[in-house]
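In what follows, a structure is listed as C-alpha cells, so that the remarks can point back to it.
Just so it is clear, none of the values below were taken in a lab; they were calculated from the coordinates. All values reported here derive from a predicted model rather than from experimental measurement. Cβ placement follows ideal geometry from the backbone for every residue including glycine, while neighbour counts extend to all protein chains displayed.
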Amino acid sequence: MNVRFLEAFVWVARLGSFKAAAERMHTTQAGISSRIATLEQQFGTKLFDREHRGVMLTYQGTELMPWAERMVDLQARMVAAMGQTDAFTGVLRIGAMETVVHSWLPDLLSRFAERYPNATVELVSDITPRLRDDLLRGSLDCAFLSEEITPGYIVNRRLATFAMRWVAAPSLARRFPVKPVLSFADVAEHPIISFHRESAVYRNIAERANGLENLRISYFSSLGAMVDLARSGFGTALLPTAVIQADLQDGRLLPLDVDPLPAPLPLIASARLEPPSPLAGALCEMAQAACDTFVASSRHDVLAS
C-alpha cells in the first residue's frame, strides 16, 4: 500500500477539503481524488461523504484514521532514523510571535533549510493567544509563543526569557521628571505603545494601571510598527531589549528606569503530540540552538532560561 495515498487521506480528513489537502501536499485536487479513490477501491469501502460544504469521514474512514496517521508517522521516523533528511518533502506550518520573528527565527529557518532542503515552510506571525488556538485546532504544527499551553496534546519547551524595558525617543524622554527611577504613574503621563490587548505584555501594563486617570494606550500586533512609533516620539513603549539593541546603542531610543520592573517575556516552543510531526520536533530542537546563539550575542538583554 502506498503511504503517500494514506498521507493524502490523512490531510483530507484533517483539513476537510480535497483542495486544501492538494495545496498542503503540493499536488492537484485531481491527484488527491485519484489517491482516495484508489484507497477506497483497495479497502472496498467508502472513506468520505462528500457534502456541499466539504467532506466528512464515514464510519470506516474514522476507523482508518488512527492507523493511517501511525503509518505516515512511522515512515517519517524511519526516514529520519536512516539520516535521509533530504527525503522530507512535506510542509511545516509554523506560528511565531513577532518578538521571535525579529530576533532568532531567520537563523533558525536557515538552519532548518540546510538540514531539510526539500521541506517547505508556511509561517504565520501573530499574538500568542491566536497562535495557541491555531496550534490546538491543528492548523499549525508548532509555534513559538510567550505562554505554555496546557500539556496533553501539546509538548512545551522553554527556550529563554527576554528582559523587557520601557523606552522612549530622546525628544519624549526629555519630558520625563529628572529622578533616578520613574514610577509607572510618570510613564502613564504620556501615550503608551503596547502589544495587543490579549498579550502578556499588555496584561503587565494593565496590572499597573488601576486608578490612573487619562491613561492613553495604543495597541498593536506588529512589533515593527511599535518600534517605529517609539522612535518617532509617539509614546513610550515596553519592548524586549534584545530586539532593540541597535536602537539603544545608536540613541534612537533611550531606556527608562521604571519601578516596578516589568515582567520578563518567556519564549516557549510548543508542538502537537497528536498527530506527531517529525519536522516540527526537529525544528523545536533546532530552535534551542538558534535561540542560544542569539542569547549569547545579546549579553544582559536576555535572562537565563
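List of remarks:
- Counted by neighbouring Cβ atoms within 10 Å, the residues 110, 199, 270 run from fewest to most as 110, 199, 270.
- For segment 3-81, dividing the convex hull volume of the Cα atoms by the residue count gives 84 Å³ per residue.
- Residues 142, 284 arranged by fewest to most Cβ contacts within 10 Å: 284, 142
- When 25, 56, 71 are sorted by how many other C-beta atoms sit within 10 angstrom of their C-beta, beginning with the fewest, the order is 56, 71, 25.
- Rg and Dmax of segment 164-259, both derived from C-alpha coordinates alone, stand at 12.3, 36 Å.
- Cα-based helix-to-principal-axis angle, 223-232 vs the chain, degrees rounded to 10: 20 degrees
- Helix 29-43 axis, angle to the chain major axis (alpha carbon atoms, nearest 10°): 50 degrees
- Based on C-alpha pairs under 8 angstrom that are at least 6 apart in sequence, segment 3-81 has a relative contact order of 34 percent.
- Taking the longest Cα principal axis of the chain as reference, the axis of helix 105-115 is set at about 30 degrees.
- By the Kirkwood approach, averaging reciprocal distances over each pair of separate Cα atoms, the chain gets a hydrodynamic radius of 21.7 Å.
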